[in-house]
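The structure under discussion appears below in the form of structure tokens.
The values are calculated or read from the model by the stated rules, or taken from the named source; none is laboratory data. Predicted model, so just to flag it, every value in this text is computed and none were measured. Here the Cβ is made from the backbone with ideal geometry for all residues, glycine too, and neighbour counts use every protein chain on show. With ligands, DNA and RNA removed, areas are computed over all heavy atoms of the protein, side chains included. Shrake-Rupley method; radii C 1.70, N 1.55, O 1.52, S 1.80 Å.
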Amino acid sequence: MTAVLEAHGFGKRYRRRTWALRGVELVVPEGSITALVGPNGSGKSTLIRSWIGFERATEGRLSTGGVDPQRDRKAAVERVGYVPQTPSLYRDLSVAEHITLAGTLRDGFDEAMAARYVGRLSIPLRAKAGELSGGEGAQVGLALALATRAPILLLDEPLASLDPLARREFLHLMVEAVRAAGATALLSSHVITDIEQACDRLIVLGKGHTLLDLPIAEAIAHHRIVEGPPAEAVRLAGADALIGSFPAPAGEPLSLVRTPALVPVGTEPIGRAATLEEIVIAHLAAGRRRAADAARQAEGVAA
Ligand SMILES: Nc1ncnc2c1ncn2[C@@H]1O[C@H](COP(=O)(O)OP(=O)(O)OP(=O)(O)O)[C@@H](O)[C@H]1O
Ligand SMILES: [Mg+2]
């Protein structure tokens, strides 16, 4: 496996405030499409921005396509097609002018490909960026990023302002472009149901560190849902297997348990299959509980 994005002992602290990220160990393999999820403020944008050298590591090191983004930001930027969380288009330039501009600024930028993508998303080339809706602007940003033909795509919440159909269309376009070019993509998102089909790996960040990092197929294979409170899950699967509990949409308690991928012949698996969203929510709930426990313990030590 060739690692395309790496973080080793990576930590970032903004000025004198608390750590945005700490002790992050990640290896993103070449050719993968990775979903980066986590609650607001968990450090997703910080991590993405650090991989292009826009933020300096406070400790540890990063690698972006084999280069240290801190030592050689230019080389890191050249390897990456990046879409920031807030779109950055010029209001008075048309979509076509954005494509021409990108073509002059960036070596290898494929203007015909950008125009084709924009066309497929039904956005008129003559429209000024200032006249586009939020979602249309985001789609233009994504088309520009794909057309860089960069080996690495870093997309910060590319789906946030898109309607459900546009989300599907964009994901389809992205998967097609990444697979055709043998590229590697990492996208942060809060919309877990959509990324389940498009991505093959999942990274979950809790408050500043990694809660999960594994292939999506493995996540699905190794987790089950017990429809009941934690005590019920412990009774069925044992205390070691319980990951966390959280409410279902209607409020009843659900518990996520870890299971061996292979269940011996003749035994019924515990509970029911878990959705990716349930797996993520349970790990976030468990991460929050661990953080609260650690804080209580620290207070106890201080008192
Ligand atoms: N420029 C900055 N100066 C100071 N603190 C910052 C800065 N940027 C981010 N932070 C802090 O770092 C932490 C992580 O922020 P980050 O934007 O990386 O989170 P995120 O996971 O992208 O959140 P969201 O889902 O809301 O986009 C937060 O506590 C945030 O307040
Ligand atoms: Mg963010």
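Quick look at the values:
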read-out	value
Theoretical gain in end-to-end length, Leu214 to Val175 [0.36 nm per residue, Cα-Cα removed]	12.2 nm
FRET E, pair Glu97, Asn40, Förster distance 35 Å, beta-carbon r, rounded to 0.05	0.55
Degrees between helix 134-146 axis and first principal axis of the chain (Cα, 0 to 90, nearest 10)	80 degrees
Accessible surface, per residue, of region 245-284 when the full set of protein chains is kept, probe 1.4 Å, Å²	57 Å²
Approximate spin-label separation Gln85-Arg168, in nm, with each point projected 7 Å along Cα-to-Cβ	2.9 nm
Accessible area of region 165-303 belonging to carbon and sulfur atoms, whole % at 1.4 Å probe	59 percent
Between 0 and 90°, nearest 10: helix 95-105 axis offset from the chain longest Cα axis	90 degrees
For region 3-217, accessible area per residue (1.4 Å probe, heavy atoms of protein chains only), Å²	46 Å²
Candidate residues Thr18, Thr34: accessible-area rank, largest first, probe 1.4 Å	Thr18, Thr34
Calculated FRET value between Thr58 and Ala231, using beta carbons and R₀ = 45 Å, to 0.05	0.60
Local net charge near Arg258, Cβ-Cβ under 14 Å (Lys/Arg +1, Asp/Glu -1)	-2
Heavy atoms of Leu171: accessible area, 1.4 Å probe, square angstrom to 10	10 Å²
Selected from Ile203, Ile270, Ile281 as most flexible by GNM, with the chain as the system and alpha-carbon contacts under 10 Å	Ile270
Estimated inter-spin distance, Ala239 and Ala273, nm [label 7 Å along Cα→Cβ]	3.3 nm
Chymotrypsin sites (Phe, Trp or Tyr not before Pro) within region 32-91, DSSP loop, no more than 14 other Cβ atoms inside 10 Å	Tyr90
Accessible area, probe 1.4 Å, largest first, for residues Thr210, Thr193	Thr193, Thr210
